[in-house]
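What follows is a single structure, written as structure tokens, with notes after it.
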Amino acid sequence: MKTRISVFLVVLAALFISCTTDKTKYSEEEKPYTLPDKYENMSRPGLIYVSHISNNFVSVFDPVEMKLIGQIPCGNGSDVSIVSSDGTKGYIANFHSNDVTIYDTKTNKTIATVKSSEHPSALLEIPEQKKILITHQSSNCINVLNIDDNSITSMGELCTGNMYYLKNKGKIYVPQIFTPYIFILDPVTFHITKRIETPGRPMAMAFGGDNKFGYLANFDSAEVAKVDIDKDSVILKIKNIPSPRGIAVTPDNKYVLVTSVVDNTLSIIDANSDTVVKTLFGLRMPTWVITTRDGKFAIVSNQGAAKLSIIDLIDLEIVKSIDVASNPISLFVDNR
């Protein structure tokens, strides 16, 4: 296990270095790339947060104005960020400094920096328990961050992937990056209750609005697996999607969007027919895809080009490219 993890991290490091070398300076647009201490609607819903694995900040992007509006300082190697359900705090997992930055969303100031296990790479809020779960791309177990006092405890469960909380189903889904399983956790005890076996390297999941089906990006298997949520079983495999990495379902449940990080494409799957209806080219090492809160656009992070690609979800075309700082690896939209 440790050998596999080390190899994967070395590959990641090589990719980060190559991307950083490609763009080592800010563009003219990025030079004034800071936030003031205060400004109107700073913590408003709908903003998009861009984590940069080779930098010590998270970018803030306004999808209405289609422009960057600043950055939030954090530890070394921002890997993923979230905003709390009440909108008062933000949390940033710092991959290289092995800690989590907690900040005030109204002032942009750091409240605390708490040490985590090695290589934190995913965060999930469980609001009713006042907890933040942290998983890691390492051999470490789940950390549980207490929102009230910022203390961290370690669970016995070993989970390495992104987490998804389906409150109405009473389940947390965690695709495992290093083993061919989706783990299902109890949202109260945080213990594994079930495992769904799926070949390949499970990278990320997305769910339809009714939570009937989940879609799993299987990196090594070049496919997207469709999961029946009530039965917790794979019922279909959508083939010929090379190296899928990021995945999202549009708010109208019409499309499943899948980034192919090696082929530099975005596959668009019709959710009714479960077939690829279009492939968009012109991306560069696309890692993450999300949709805006209004459902009009999809946004893709291009780690290899230091850009965000904006896709019109009616015409299914790339309509704009936004320059950002190097190595944009993950995206979070504040859907309050």
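Is one or more of the residues making up the range 148-155 touching a Phe, Trp or Tyr at 6+ places or on another chain (Cβ under 8 Å), within 20 Å of N76 (Cα to Cα) and not in a loop (DSSP other than H, G, I, E, B)?
Within the range 148-155 (the criterion being touching a Phe, Trp or Tyr at 6+ places or on another chain (Cβ under 8 Å), within 20 Å of N76 (Cα to Cα) and not in a loop (DSSP other than H, G, I, E, B)), the answer is no, since none of the residues qualifies.
Consider I82 carefully, then state whether it is touching a residue at least 24 places away in the same chain (Cβ under 8 Å), in contact with a Phe, Trp or Tyr (Cβ under 6 Å, 6 or more places away or on another chain) and among the hydrophobic types (A, V, I, L, M, F, W, C).
yes
Residues of the range 273-293 being free of Cβ contacts under 8 Å to residues at least 12 places away in the same chain and under 16 Å from P251 (Cβ atoms), which ones?
none
Just to be sure I understand the filter: pairs with C-beta atoms under 6 Å, separated by 6 or more residues or on different chains, first member in the range 169-182 and over 25 Å from P127 (Cα atoms), second member surrounded by fewer than 21 Cβ atoms within 10 Å (Cβ to Cβ) and modelled with pLDDT of 95 or more. Which pairs pass?
Y181/R195
When the range 79-98 is examined, which residues are found to be of a type in the set (D, E, K, R) and over 15 Å from I147 (Cα atoms)?
D79 - this is the single residue of the range 79-98 that is of a type in the set (D, E, K, R) and over 15 Å from I147 (Cα atoms).
Do the conditions hold for I310, that is, is it of a type in the set (A, V, I, L, M, F, W, C) and without any contact (Cβ under 8 Å) to a residue 60 or more places away in the chain?
For I310, the condition - of a type in the set (A, V, I, L, M, F, W, C) and without any contact (Cβ under 8 Å) to a residue 60 or more places away in the chain - is not met.
Please count how many residues of the range 139-185 are under 26 Å from T88 (Cα atoms) and of a type in the set (D, E).
Residues flagged as under 26 Å from T88 (Cα atoms) and of a type in the set (D, E) within the range 139-185 amount to 2.
Residue by residue through the range 156-168, note down the ones that are at pLDDT below 95 and either in contact with a Phe, Trp or Tyr (Cβ under 7 Å, 6 or more places away or on another chain) or more than 21 Å from F332 (Cα to Cα) (or both).
Residues satisfying the conditions are G156, E157, L158, C159, T160, N168.
Of all residues in the range 198-234, which are of a type in the set (S, T, Y) and part of a strand (DSSP E or B)?
Y215, S233
Of all strands (runs of 3 or more DSSP E) completely enclosed by the range 250-336, which ones contain at least 2 residues that are surrounded by fewer than 18 Cβ atoms within 10 Å (Cβ to Cβ)?
So the answer is 275-280, 317-323.
Filter the range 188-215 for residues that are crowded, with 19+ Cβ neighbours inside 10 Å and modelled with pLDDT of 95 or more; which is farthest from the chain's Cα centre (by Cα)?
Top of the filtered list is I196.
Run S81 past the list (1) small (G, A, S); (2) closer than 18 Å to N162 by Cβ; (3) surrounded by fewer than 22 Cβ atoms within 10 Å (Cβ to Cβ); (4) modelled with pLDDT of 95 or more and report the number of the one that doesn't hold.
Condition not satisfied by S81: (3).
With (1) basic (K, R); (2) under 22 Å from F219 (Cα atoms); (3) part of a loop (DSSP other than H, G, I, E, B) as the list, and K106 as the residue in question, which single condition is left unmet?
Looking at each condition in turn, K106 falls short on (2).
The values are calculated or read from the model by the stated rules, or taken from the named source; none is laboratory data. Computed from a predicted structure; not experimentally measured. All Cβ positions, glycine included, derive from the backbone under ideal geometry; neighbour counts span all protein chains shown.
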